[in-house]
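All remarks here apply to the structure that follows.
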Amino acid sequence: MTFPESDKKKSSYVAVIVLAALLLVVLLTCVPYLVSIAFAEGPATAAASPIFGVTIPGGYKQWELIAPAEEAAPLNELRAVFGNQTAIDAYQDGKLPFPDGTILVKRAWKRTQSPDFASATIPGAATTVQVMVKDSRRYAATGGWGFGRFVNGKSVDEAQHRTCFACHEARAKGHDYVFTRLAP
């Protein structure tokens, strides 16, 4: 069956209008979702650490636990170090130095006596979130690691960040500047 030329043009216009309407619906449906994702973590640079530009990575609370630790007085903290998949793979393979892309996040809380179990301590108030990011080119001067220390989601000052590498260099140089070992 053949259509007159005018029917073919009408059919083409209808197809273009339907396609445009479909694209508009998709766009209007997706844009609010994409905007909410973009702003869910807040602007990355607002909370970036001085010197290093490190931020708290989104979703880190769902990362795999590398190891817990307890810090004695005067800090009296419970700590837990988590790693992204690159970190977990390196730990499991015993790979040193850690590969670029490794991210370690330490969460710390004041140690508090459990109200339900006398011999147990539990996390109390959150104290800090500390982040190490491996990028051997960007952070060549600090063993390939960038550092971030955050209190209430805000980066601490530059003076505190200047102490990060010196401490890691003095105590953990032989383990690619990382204190934490994978818990058995």
Only one of these conditions is not met by A108: (1) open to solvent by 60 Å² or more (accessible area, probe 1.4 Å); (2) among the aliphatic types (A, V, I, L, M); (3) in contact with an Asp or Glu (Cβ under 6 Å, 6 or more places away or on another chain). Which number is it?
-> (1)
If you check D135, D100, D116, which single one turns out to be free of Cβ contacts under 8 Å to residues at least 24 places away in the same chain and open to solvent by 30 Å² or more (accessible area, probe 1.4 Å)?
-> D116
Please find, within segment 138-153, the residue that is most open to solvent (accessible area, probe 1.4 Å) out of those that are farther than 20 Å from N84 by Cα and at pLDDT 95 or above.
-> A141
Would you mind stating whether A126 is closer than 20 Å to Y177 by Cβ, of a type in the set (A, V, I, L, M, F, W, C) and at pLDDT 95 or above?
-> no
Sort out which residues of segment 69-97 are open to solvent by 80 Å² or more (accessible area, probe 1.4 Å), without any contact (Cβ under 8 Å) to a residue 12 or more places away in the chain and over 30 Å from R137 (Cβ atoms), and write them in order of number.
-> P74
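The values are calculated or read from the model by the stated rules, or taken from the named source; none is laboratory data. Since we're looking at a predicted model, the values are computed, not measured. For neighbour counting, all protein chains shown are included, and Cβ atoms are generated from backbone atoms with ideal geometry for every residue, glycine included. Side chains included, ligands, DNA and RNA excluded: accessible areas come from the protein's heavy atoms. Shrake-Rupley method; radii C 1.70, N 1.55, O 1.52, S 1.80 Å.
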